[in-house]
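Asker: Quick one: the structure is below, and I'll ask about it shortly.
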Amino acid sequence: MTEQPQQPGPYGPQNGNGYGYPNQPNQPPHGAYGYAQQPGYGQPGYGQPGYGQGGYAPGGYPPPPGTYTGDPNAPYGYDPYGRPYSDKSKVTAGLLQIFLGGLGVGRFYLGHVGIGIAQLFTCGGFGIWSLIDGIMLLTGDNNTDAQGRVLRG
C-alpha cells in the first residue's frame, strides 16, 4: 500500500491537528499553554482608557508612574498600589510648609483649608507645628490632597 504525501493545512496536516491524532478536524491554535483564549483579553482597545493596544502606552510598555493617562480621576496616573496620583507635589507642599507654614501656605496649596486656617491663626503652632508638618509632608508615604489623591514625588 502506498501512502500519498499529505499537503499541510493551515494548522497542520490535513488529516489531523498536527499533534499526531489522526482524523481530528483542523483546529485553530489556542492561547498560552493550550488553553482557549478568552474573548476580549489581549485584544486592541481593551486596556486602560487612553492607552494603545493591550492596555499599554503606544511603545508597548506600561507608562512610567506619574504620567498622564487621560483618566480624569487620575490626571497623573496611578501609584503601584492603584491609588491615583495628584497634580500636587509633596516636595512643593513640604517646602512651602517649612518656610511659610506659619501662614498655612503648604496646607492651602494642598486644598486642606481647615488645617491651613488653624495654622494661620496659631502662627503654625509658633513654628513647631508647621516645621513638623513640613517634615511629615516631605517624608510621608500616605500624604493626600483635598480630593484624596496621593501626592507626586
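The values are calculated or read from the model by the stated rules, or taken from the named source; none is laboratory data. Please read all numbers here as calculations on a predicted model, not as lab measurements. Using ideal geometry, Cβ is built from the backbone for each residue, glycine included, and neighbour counts are taken over all protein chains shown.
Asker: Just give me the residues in the stretch 56-106 being touching a helix residue (DSSP H, G or I) at 6+ places or on another chain (Cβ under 6 Å) and either more than 19 Å from Thr144 (Cα to Cα) or modelled with pLDDT under 90 (or both), in sequence order.
Answerer: Within the stretch 56-106, Gly102, Leu103 qualify.
Asker: Tell me yes or no: at least one residue of the stretch 73-84 is surrounded by fewer than 17 Cβ atoms within 10 Å (Cβ to Cβ) and outside any loop (DSSP other than H, G, I, E, B).
Answerer: Step one: of the stretch 73-84, the residues surrounded by fewer than 17 Cβ atoms within 10 Å (Cβ to Cβ) are 73, 75, 80-83.
Narrowing the set further to residues that are outside any loop (DSSP other than H, G, I, E, B) leaves none.
No, that holds for no residue.
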